[in-house]
Amino acid sequence: MEYLFVYGTLLSTFPENPFRLFLEKNTQFVGEAFTYGKLFLVDYYPGLIPNNHHENHKVFGEIVNFNGSLDILAYLDEYEDFNSNDISNSLYIRELKECFLLENNKSFNCHTYIYNKNVDNLKFLTNGRFILR
């Protein structure tokens, strides 16, 4: 079983879009979760920059699981503009990151899309949550 942490436009609470609907049909919801990092507003979508536990910044989202199909990851890689053959030009990179369920702090190693560009001029979302306004 593979796990994915989502924190932006793929959240179950986000308005319907084809990629979120694809995720809904091909994964199972595990629970609300967080990982350590900082969340920035890139445009109409967020970007996660990881940090360590000592900085105490959290990004909140959801964990879903799937059967390990590379097709699911390939489809999401396209959505997230991640190209494993061209990391420097990718908008996001996909990494395994430790994520924790809110209800019991159980940890999972989740595929997580990390923002791969400069965040100096982006708005820091201090509460760690992406909410469509």
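The sole residue among Y113, Y45, Y75 that is hydroxyl-bearing (S, T, Y), touching a Gly at 6+ places or on another chain (Cβ under 9 Å) and either farther than 20 Å from E2 by Cα or at pLDDT below 95 (or both) is Y45. Among the residues making up the range 13-51, those that are more than 17 Å from D81 (Cα to Cα) and hydroxyl-bearing (S, T, Y) are T13, T27, T35, Y36. What are the residue pairs meeting all of these: first residue in the range 7-35, first residue among the basic types (K, R), second residue assigned to a loop (DSSP other than H, G, I, E, B) and modelled with pLDDT of 90 or more, Cβ atoms under 8 Å, and 6 or more apart or on different chains? Here the result reads R20/T9; R20/L10; R20/L11; R20/S12, each pair linking the range 7-35 to a residue that is assigned to a loop (DSSP other than H, G, I, E, B) and modelled with pLDDT of 90 or more.
Considering L73, L132, the condition of being more than 11 Å from the chain's Cα centre (by Cα) and assigned to a helix (DSSP H, G or I) is satisfied by L73 alone. From G61, G47, G37, which residue is in a strand (DSSP E or B), in contact with a Ser or Thr (Cβ under 8 Å, 6 or more places away or on another chain) and within 13 Å of F130 (Cβ to Cβ)? None of the other options fit; the residue is G61.
The values are calculated or read from the model by the stated rules, or taken from the named source; none is laboratory data. Keep in mind it's a predicted model, so treat the numbers as computed, not measured. Neighbour counts are summed over all protein chains in view; Cβ atoms, including those assigned to glycine, are modelled from backbone coordinates with ideal geometry.
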